[in-house]
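Please read the structure below before turning to the comments.
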Amino acid sequence: MIWARAQGSRVWDADGREYIDLSAGFGVAALGHRDRRVAAAIAAQPVAHALGDLAEAEIAVGLRRRLPWPAKFGVTGEDAVEIALRTALLATGRPGIVAFGGAYHGTGLLALAATGFERFREPFAPWLPGPVHRRPYGEDPGPLPADAGCVIAEPVQGRAGARVPPEGWLEALRARCDEAGALLVVDAIYAGLGRVGELWPGEPVADVLTVGKALGHGLPISAALFLRPELEDAWRLGPEDVLTHTHVLNPLACAAAHVVLEEVPALLGRVVEAGGRFARAGFDGRGLLRSRPGDWEEAWRRGVLVVPAGEDGSLISATPPLTISDADVDEALARIEGV
């Protein structure tokens, strides 16, 4: 399928066929495709590319100031995860990572090592770093191994099928990290920025919180947020940044991020309300991070865009724009049911 046009919660392919988009481009288009405020902010930028950490554009400086905590920025969500994991090593001196079954943290080697999907890890197993201690998602991991520098967890697992942990689970992880002197990394790349009805899910317990996807609203930007601000000092390793990218803090992406951070807080109640419509149709999860058993190809034939999910691919995932209307939700659900 080739996308020819996208607007709001609708996509048109190269043959002119219209679809209701319940993917939002893997959760990226939080405000809907081609949001006019995002487009205007991007178009207004006087600088299209600066020098990242060496010479930031004014809009990037403003984004740093707008975020509630210090941050180290990346380009992809996987970058932010790698920054968080490396922060734990720098801060504790311990290389061990406690991660969970069903986790998806990215496909760079360090993030892939922490990812729970064996079929993704297996081709690159000889190169994967570690040690990684894998535990069942949603269960108390018990006392942490002696080499553990961090625990990394998603507040709601996205790729595994919108899996919601038991109440108090993140708090239990916080207690285990405190016992061991380890960091708690909350990977909110998918779940954050309103997707599950919270701006910063995991905020009360996290040492480092990662965000991406919706942050740039289609342009590549991510961040590891240091909720313990002193962790930023772990990266003061010399006169230059030893982990940076050419496109870090791209001004156009920063402009989009400003709009997202301004608009999403007003949508949190709407996310909960719209999520209830999916729940009543049998979709598990939280907010607008949802899944249920189904066939993504059949949904596509019926004019609805969803993506496969679950460790065995047997689920369909619904992560629509946070702005999706009740009418579009109801029409998409009716199409999926073949009504």
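The values are calculated or read from the model by the stated rules, or taken from the named source; none is laboratory data. Just so it is clear, the structure is predicted and the values come from calculations on it, not from any experiment. With ideal geometry, Cβ positions are generated from the backbone for all residues, glycine too; neighbour counts draw on all protein chains shown.
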Original post:
Does at least one position in the range 260-277 carry a residue that is under 15 Å from SER23 (Cα atoms), part of a loop (DSSP other than H, G, I, E, B) and either touching a His at 6+ places or on another chain (Cβ under 6 Å) or touching a residue at least 40 places away in the same chain (Cβ under 8 Å) (or both)?
Top reply: no
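For the range 23-40, give me each residue that is in a loop (DSSP other than H, G, I, E, B), closer than 28 Å to ARG292 by Cβ and either free of Cβ contacts under 8 Å to residues at least 24 places away in the same chain or not small (Gly, Ala, Ser) (or both).
Here is the first cut: in the range 23-40, the residues in a loop (DSSP other than H, G, I, E, B) are 23, 28-32, 34-35.
Still in the list and also closer than 28 Å to ARG292 by Cβ: 23, 28-32, 35.
If the condition is that a residue be in a loop (DSSP other than H, G, I, E, B), closer than 28 Å to ARG292 by Cβ and either free of Cβ contacts under 8 Å to residues at least 24 places away in the same chain or not small (Gly, Ala, Ser) (or both), then VAL28, LEU31, ASP35 are the ones that fit.
Tell me, yes or no, whether the range 174-183 has at least one residue that is part of a loop (DSSP other than H, G, I, E, B), buried (at least 17 other Cβ atoms within 10 Å of the Cβ) and touching a Cys at 6+ places or on another chain (Cβ under 7 Å).
yes
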Subject >> Number of the exception - GLU122 against (1) free of Cβ contacts under 8 Å to residues at least 12 places away in the same chain; (2) under 22 Å from LEU219 (Cβ atoms) >> reply: (2)
**OP:** Please indicate, with yes or no, whether at least one residue in the range 315-333 is in contact (Cβ under 8 Å) with a residue 60 or more places away in the chain, farther than 20 Å from GLY27 by Cβ, more than 21 Å from the chain's Cα centre (by Cα) and surrounded by fewer than 16 Cβ atoms within 10 Å (Cβ to Cβ).
**Re:** no
Original post:
When residues of the range 279-301 are filtered for being surrounded by fewer than 17 Cβ atoms within 10 Å (Cβ to Cβ) and of a type in the set (Lys, Arg), how many remain?
Top reply: 2
Original post:
Exactly one of (1) surrounded by 18 or more Cβ atoms within 10 Å (Cβ to Cβ); (2) within 18 Å of LEU215 (Cα to Cα) is unmet by ALA266. Its number?
Top reply: (1)
Original post:
Can you find a residue in the range 222-240 that is under 28 Å from ALA55 (Cα atoms), touching a Gly at 6+ places or on another chain (Cβ under 6 Å) and at pLDDT 95 or above?
Top reply: yes
Subject >> Which numbered condition GLY285 misses (of (1) in a loop (DSSP other than H, G, I, E, B); (2) under 18 Å from GLY269 (Cβ atoms)) >> reply: (1)
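Looking only at the range 51-99, count every residue that is among the basic types (Lys, Arg) and either touching a Gly at 6+ places or on another chain (Cβ under 8 Å) or without any contact (Cβ under 8 Å) to a residue 40 or more places away in the chain (or both) and tell me the total. Lay out the reasoning, then the answer.
The initial filter retains those residues of the range 51-99 that are among the basic types (Lys, Arg), namely 64-66, 72, 86, 94.
Filter again for either touching a Gly at 6+ places or on another chain (Cβ under 8 Å) or without any contact (Cβ under 8 Å) to a residue 40 or more places away in the chain (or both), leaving 64-65, 94.
Within the range 51-99, residues that are among the basic types (Lys, Arg) and either touching a Gly at 6+ places or on another chain (Cβ under 8 Å) or without any contact (Cβ under 8 Å) to a residue 40 or more places away in the chain (or both) number 3.
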